[in-house]
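Working notes, beginning with the structure itself.
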Ligand code: PAF
C-alpha cells in the first residue's frame, strides 16, 4: 500500500484501470472497511483519504478531541486490500486558506446544518477538493451520514463532477448501534445507553415526538428526530454518565 501526500505524487502513482475513492477522517472502523470492500468490488483500485478536516467542525473542542490513529488506520486499510492512502496537510488541501468554499442553500440548512452552522460548507468544500485531487471513477459514502451523502451526490451532479457517488448501507454493531469513530469516546455506561438510542430511533411504531420523549426520559439531549427524504433521522447528545464522562454526539437514520 502506498501513502502519498500531494496531488502531483498521485499523478505519478495513479495506476491504469478504474479507481474507487473512500474519503475518511481516520479513526477507522468496520464501516469504513466495508466502503473499501465495496470500492474494490466495483473498481480495480481503491484509494482512501485520511484527513481530519477542520473546516467542517463548528465546535473547536470536537475538532481537538477527534481521535487520531493514523498508523492503526493504515494497517487496517492495508489488510483490507486498499492500495493507496492520500494523507494531505491543510496547506496542500487549502492553498486558498478556505477563501473559496461550496455552499448549498436548501438541504444543508435542515437538521445537521441547522445544529452545526457551517458544517456542510466545510464538508462539501473538502469533498470537492478531494474529488478534484483524486479524479476517481466512483466515491463511496456511508448512509449513516445520510444528509451528507445526499448533499455530496447532489453537488457532484450540480457541478458536473465525473466521479460517481455510490451510497453504501450503514454498518451496525450487533446491538444495533451504527458504527462511528465517535463511539470510541463513549464510556461503558454511555455505550450501553447508546444501544437504546439506536433501538428507539429505529422503532417506527413511535411518532417522532414519542421517540424524542423516550430519549429525553433516558437523559439524552435531543437535537432532532425528524423525517425527510424517505428516512427518519436523529441526533442526540449522550448524558455524561460514569461520574462525568464526555458528552458525545450521535447521529443515525433508518429508511421509512
Ligand atoms: O464523513 C466523513 O468522514 C467526512 O465528513 C468526510 C466525507 C471524509 C469529509 O471530511
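Show me the three semi-axes of the equivalent ellipsoid for the stretch 81-139, from the C-alpha gyration tensor (sqrt of 5 times each eigenvalue), largest first, rounded to whole Å.
Equivalent-ellipsoid dimensions as semi-axes: 24, 15, 10 Å.
Shown for 168, 133: other C-beta atoms within 10 Å of each C-beta, ranked fewest to most, produce the order 168, 133. Given in Å, the Rg to one decimal and the Dmax to the nearest whole number for the Cα atoms of the chain are 18.2, 56. Normalised by 2.2 N^0.38 Å, with N the number of residues, the alpha-carbon radius of gyration of the stretch 76-198 equals 1.21.
Springs between Cα atoms under 10 Å define the GNM used for the chain, and in it the highest mean-square fluctuation of 129, 78, 65 occurs at 65. Only Cα pairs under 8 Å and 6+ residues apart enter the sum, and on that basis the relative contact order of the chain stands at 18 percent. Calculated translational diffusion coefficient of the stretch 127-186 (37 °C, 0.692 mPa s; Stokes-Einstein with Kirkwood radius over alpha-carbon pairs) equals 257 µm²/s. By the count of neighbouring beta-carbon atoms within 10 Å, fewest first, 116, 184, 99 end up ordered 99, 184, 116. For residue 135 and residue 221, a Förster radius of 41 Å and the Cβ-Cβ distance give a FRET efficiency of 0.50, rounded to the nearest 0.05. Considering the chain as a Gaussian network with a 10 Å cut-off on Cα pairs, which listed residue, 205, 103, 163, attains the greatest mean-square fluctuation? In the Gaussian network model the winner is 205. For the stretch 121-256, the percent of C-alpha pairs falling in each 5 Å distance bin, counted from 0 to the bin holding the largest distance, reads 2, 10, 19, 19, 16, 13, 10, 7, 3, 1, 0.
In the distance distribution for the stretch 178-220, Cα-Cα pairs more than 14 Å apart total 50 percent.
Send over the Kirkwood Rh of the stretch 152-224, from the inverse of the averaged 1/r over different Cα pairs, rounded to one decimal Å. Every distinct Cα pair counted, the radius reaches 14.7 Å.
Counted by neighbouring Cβ atoms within 10 Å, the residues 50, 166 run from fewest to most as 166, 50.
Grab the Cα-Cα distance for residue 99 and residue 213, subtract it from 0.36 nm times how many residues apart they are, and report the gain in nm with one decimal. Provide the component values of the computation, followed by the final result.
Numbers: separation 114, 0.36 × 114 = 41.04 nm, distance 4.20 nm.
Result: 36.8 nm gained on full extension.
Considered as an equivalent ellipsoid built on the Cα gyration tensor, the stretch 1-145 has semi-axes of 25, 17, 16 Å, the largest given first.
Each value in this text was obtained by applying a stated rule to the coordinates, not by laboratory testing. Owing to the predicted nature of the structure, the values given are computational and were not obtained by experimental measurement. Every residue, glycine as well, gets a Cβ built from its backbone with ideal geometry; the counts of neighbours run over all protein chains shown.
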